1. Only bridges with both residues in segment 321-425 count here: give the DSSP antiparallel percent, nearest 5.
2. What's log10 of I(q)/I(0) for segment 76-159 at q = 0.21, 0.25 Å⁻¹, Debye sum over Cα points only, no solvent?
3. Suppose all protein chains stay in the model; what accessible area per residue would a 1.4 Å probe give for segment 340-458, in Å²?
4. Between segment 94-146 and segment 220-267, how many Å separate their Cα centres?
5. Sticking to Cα atoms, compute the Rg of segment 120-229 to one decimal and its Dmax as the biggest Cα-Cα distance, whole number, in Å.
6. Need one number: nm distance between label points at residue 73 and residue 102, each 7 Å from Cα along Cα→Cβ, rounded to one decimal.
7. For segment 319-389 and segment 151-191, write down the distance between their C-alpha centroids in whole Å.
8. Mind jotting down a quarter of the surface of the convex hull over the alpha carbons of segment 268-350, in square nanometres, one decimal?
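The values are calculated or read from the model by the stated rules, or taken from the named source; none is laboratory data. Note that the coordinates shown come from a computational prediction; the quantities given were computed from them, not determined experimentally. A quick note on method: Cβ atoms are made from the backbone with ideal geometry, for glycine too, and the neighbour counts reach across all protein chains shown. Calculation scope for accessible area: heavy atoms of the full protein, side chains included, ligands and nucleic acids excluded. Shrake-Rupley method; radii C 1.70, N 1.55, O 1.52, S 1.80 Å.
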Amino acid sequence: MSAVIAAASAMAPSSSAAADKFLWGAASAAYQVEGSSTADGKGPSVWDDYLDRLHLAGPGVSGAVAIDFYNRDQYLRDIAIFKELGLTSYRFSISWPRIIPDGLGPVNPAAVAHYRQFIKDLKDAGITPMLTLYHWDMPSSLAAAGGWENRDSVKWFQRYADAVFANFHDQVDLFVLINEPSVERATKTLAENIRDHGKGDFKILPDADHMAVSLKTYNHILLAAAAAKKSFDAHGYKGQLGLAVPLFPTITEDGAGDADKKSAVLADGVLNRWFLDAMYKGSYPQDVLDMVSARGLDTGVEPDDAKTIGQAHFDYLGINFYSPMYVRNGANPTDRFAAEQYLPKTVYSAFNGAVRPDQFKALLGRMKSEYGNPPVYITENGAGFAGEDVMKDGKVDDIQRCRYLVIHIAAMKSAMTDGADVRGYHVWSSHDNLEWLSGYASRFGMIYVDWDTQKRTPKLSADLYARIIRGDDVTENDCVARN
């Protein structure tokens, strides 16, 4: 499989004009990289509560320093690395509790000044900013008021978005409104389980007990994004707005029975079609609505919610793709949602799931065939592998990550040749950083970070990505240890 896809790795976008405009970038999130968690009047976020107050990622794991990216002297050095690699885009998030420290009060001018300088510094280096408004750092006060479970969150986010647009519309053309609703919800569930029981399993697909509240939060998030888009358009601002949605092709193993296949279809409805149908069809998937109705689940969805979301007409779709999800019918004998995710032991996988670039290509084809071929930016794609990110003789040869990126970029280009309207690609992540409840143990970056000294070292994957951006014919065979 990978050899066939790798052979397509040198394919360029369909025209020279498209190639010139295509964005090659990397991504990060404010809480994971910035540090300076109280600087310039920043208020607390729910993640400050989780890690610094409740210590849910273990003793000593904190976002107080992270990789010191709020420090201009440091991030200017990082931007120099980005420029050397040839990045033409950088996707980053700004912190809601920096901009509005208590979530709903006055805008913090120091935070605005910081981010305006950062954006200017990116643009001065020839790098297009892709600004994410919300990457999970809900202000503590709003999290305590229910967060996304509270329908008032639609108004809260619109107010925050209005402040962001007013202060940055003149600098930024690409806005990501909200990042990864389903993964944020799964991470919140895990955090609550650790807080209440000391342990928990990370499952993106909600089980029966969490289904209603998960669908409720997804609906509120989509409504919030729609309200922000409507406000942006009403002000006459120029720019493109979308969401970064994590999409998981739901698949079964060879030889799976009908029950497993039916569970995979319903899981697709919960994780993928719930978002895509609302955005591009103005309706929620009927099989999911039938499931929640039959089980008497209260999702809080009102009759015109999906229609309102569809009428927002988002300018593009941000896709975060890491892996497909293997799904089977669970052993629950009761009449409840029994689909469950799992990872077959025989499947080659990263920290974040099975390595299946063929499913990435199929997903992009699905956007073309089922959803009208919307403009797409790959807002995240990447992987981490246990034991690979080790410094040796001043180098980090992350061979498996290198192969992952090469074959997934090739899969994307193959889908583009088939007509998928993909306009940019962002590696997750630019740097090793604070990986939420995993702390600093899991590395996903192309740039190695020494946690003690903050020294940066581009890895093998960074070198190969730079070659891909230059247009070199890169295949898996190039992913070998350097002399």
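1. Bridges in segment 321-425 are about 70 percent antiparallel.
2. With no solvent term, the Cα-only Debye profile gives -0.94, -1.15.
3. The answer is 36 Å² per residue.
4. Answer, in whole Å: 24.
5. Looking at segment 120-229, its Cα Rg and Dmax stand at 16.1, 50 Å.
6. For the pair residue 73/residue 102, the computed spacing is 3.5 nm.
7. 24 Å
8. Details: hull surface 28.9 nm².
Directional mean of the projected Cα hull area for segment 268-350 stands at 7.2 nm².
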